[in-house]
Structure formats: C-alpha cells, structure tokens
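Asker: Structure below; questions to follow.
The values are calculated or read from the model by the stated rules, or taken from the named source; none is laboratory data. Please read these numbers as outputs of a predicted model, since none were measured by experiment. Note that we place each Cβ from the backbone using ideal geometry, even for glycine, and neighbour counts take in every protein chain shown. Quick note on the areas: whole protein, heavy atoms, side chains included, nothing else; ligands and nucleic acids left out. Shrake-Rupley method; radii C 1.70, N 1.55, O 1.52, S 1.80 Å.
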Amino acid sequence: MALSLIVFAGFYPPARRAMEYADILAQAVDGQLVLLHVNRASLFDPNDLTAQDYYQAELTRQADTAAILYQQAEGLLTTATVEVATDLLPAVARDLALRYQPALFMLSQADEDCPAAADLLTSCVEILRAGSYPLLVVASTAPA
C-alpha cells in the first residue's frame, strides 16, 4: 500500500509552499497526496449553533473552493485527491486518518502577515496533536 500524505491546502504563499513540498515528498516515496482544505478548526461543531440556511450556503461556497483545488492539483507531479471540509473537528481528523492512513499530516508554517490563517493553523495543530496523528510543519523557507 502506498504511503499517503494529507497536506492542508490553502491559497496563501506558505500553504502553497507546503503543497509543493508535500508533492515532492509524495513523488519521492511513490505515495499518494491528499489536499485538505478547512475553513475552521474546533473541538465542537459550530454548525450545531448556526441556522441550517447558513450552513447550506457555506457548503455551496465549498464547491468553488474544491474546484480551485482541483485546478491546483493538476499542476502537481503526484496525482492528488481533494478533500474539503467546513471544519476540522476531531471526528473529521479521525475519519481522514481511517480512510487514508496517512504517514503524515502536513501544514505550512503560520503566515505572520495573516493572523486568521495563523489562528487556523494553530487550532489544526492542537486537534492533530490531541489525536496523536503524525504531523509535519513545513517552513516557508524549506528547500525542496
């Protein structure tokens, strides 16, 4: 079975760099790559507290995000699967780990110029560490 790598995909330069790094690593180990995009990370599901109409509108926007990620995936050397979730919850991380059995979850280093993205990455790291999932944080200056 090929090794799989789940990389948190985004549109800021550090996230794009982490995707490139994951692509090179997946190619080197002849593995599979999963591009994961989340809007939030939380220990509880915030959609339990919101109106169903808001949640449905967010799901519609996720389709656009997925389409952009599929376009990005076409430019990679490794064939990639795209996963889009509104929220990284412990149950979502567990589901991804069961389905893909990743050798690593990969995230970019926080972008100090974008505090919201940095907060999201910090929350993702906390959830993954609490679940004892293997994690690699890719520095934006990491050589390929």
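Asker: If we scan the stretch 94-101, do we find a residue that is open to solvent by 20 Å² or more (accessible area, probe 1.4 Å), within 22 Å of Glu20 (Cβ to Cβ) and in contact (Cβ under 8 Å) with a residue 24 or more places away in the chain?
Answerer: Yes, the stretch 94-101 has at least one match.
Asker: For the stretch 105-134, how many residues meet the condition of being open to solvent by 30 Å² or more (accessible area, probe 1.4 Å), modelled with pLDDT of 95 or more and within 24 Å of Thr65 (Cα to Cα)?
Answerer: The total comes to 0.
Asker: Which number in (1) of a type in the set (D, E, K, R); (2) farther than 27 Å from Asp64 by Cβ; (3) not in a helix (DSSP H, G or I) marks the one condition that Asp87 misses?
Answerer: Among (1) of a type in the set (D, E, K, R); (2) farther than 27 Å from Asp64 by Cβ; (3) not in a helix (DSSP H, G or I), Asp87 violates only (2).
Asker: Next question. Collect the residues in the stretch 53-88 that are open to solvent by less than 40 Å² (accessible area, probe 1.4 Å), modelled with pLDDT of 90 or more, within 14 Å of the chain's Cα centre (by Cα) and not small (Gly, Ala, Ser), keeping them in residue-number order.
Answerer: Leu69, Gln72, Val82, Glu83, Leu88
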